[in-house]
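This report concerns only the one structure given below.
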Amino acid sequence: MPTTLKVNGTETSVDADPETPLLYVLRDDLGLNGAKYGCGLGQCGACTVLIDGRPVLSCVTPISVIGSGAVETIEGLGSAEAPGPVQQAFIELQAMQCGYCIPGMMMRTEALLRGNPAPQDRDIRAAFQTNLCRCGTHMRIMAAIRRAAELYRDANPVEEG
């Protein structure tokens, strides 16, 4: 059954069962492999994407619930040649070891910073309770999120007045 999705600013039609998890459509139908299959149960966060700016676990989100929502994946944040602020911070601080969790971490960082461009450590910890890093690079990830906040504020200055 054809379904139209808006992914990274582009409308596309996919022929998939409405109950197909978004993760499978992104990876198998659209070739967007940034979001990872971690647990398949919505417990690790490796599959995190944004729908209308909110973090969503794509492994447990059927495409039928997306409707006209705008889906954003790690591929939509920037490229290797022109990384976005969040990507740049994770690169600068080498916040990944195996890298498997990092796309989900970056997407959750993007969502956090859109709503709170100057998060405190408690805000970061609260936002990231659903994302796991099995390699134990949590301290580097925390540092990268703080750095991303600096870069995000520089790229999106608040107008006063």
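Within region 1-103, list the GluC sites (Glu not before Pro) lying in a DSSP loop whose Cβ has at most 14 other Cβ atoms in a 10 Å radius.
Sparse-neighbourhood loop GluC sites (Glu not before Pro): 19, 81.
Sequence gap at least 6, Cα distance under 8 Å: using those rules, report the relative contact order of region 1-114 to the nearest whole percent.
Contact order relative to length: 28 percent.
Please find, in a Gaussian network model of the chain (springs between Cα atoms separated by less than 10 Å), the residue of 120, 87, 97 whose mean-square fluctuation is greatest.
Judging by the Gaussian network model, the answer is 120.
For the chain, modelled as a GNM with alpha-carbon contacts under 10 angstrom, which of 94, 43, 129 fluctuates the most?
129
Starting with the fewest neighbours, write out 105, 142, 1 ranked by other beta-carbon atoms found within 10 Å of each beta-carbon.
Final ranking by Cβ density, sparse to dense: 1, 142, 105.
Give a quick list of trypsin sites (Lys or Arg not before Pro) in region 59-161 that DSSP marks as loop, anything other than H, G, I, E or B, with at most 13 other Cβ atoms within 10 Å.
Sparse-neighbourhood loop trypsin sites (Lys or Arg not before Pro): 134.
Please give the FRET efficiency for residue 4 paired with residue 130, using the beta carbon to beta carbon distance and R0 = 30 Å, rounded to the nearest 0.05.
Plugging the Cβ-Cβ distance into 1/(1 + (r/R0)^6) gives 0.60.
For the chain, what does the helix formula give at 222 nm: sum of -39500 (n - 2.57) over DSSP H segments with n ≥ 4, over the residue count, nearest 500 deg cm²/dmol?
Rounded to the nearest 500, it is -9000 deg cm²/dmol.
Taking springs between alpha-carbon atoms closer than 10 angstrom, which of 103, 55, 119 fluctuates most in the Gaussian network model of the chain?
Its mean-square fluctuation being the largest, the pick is 119.
How much length is gained if the chain between residue 138 and residue 41 is pulled fully straight, taking 0.36 nm per residue apart and subtracting their Cα-Cα distance, in nm to one decimal?
Stretched fully, the residue 138-residue 41 segment lengthens by 32.7 nm.
Just so you know, all these numbers are worked out from the coordinates, no wet-lab data involved. Please read all numbers here as calculations on a predicted model, not as lab measurements. FYI the Cβ positions are ideal-geometry reconstructions off the backbone, even for glycines, and counts take in every protein chain you see.
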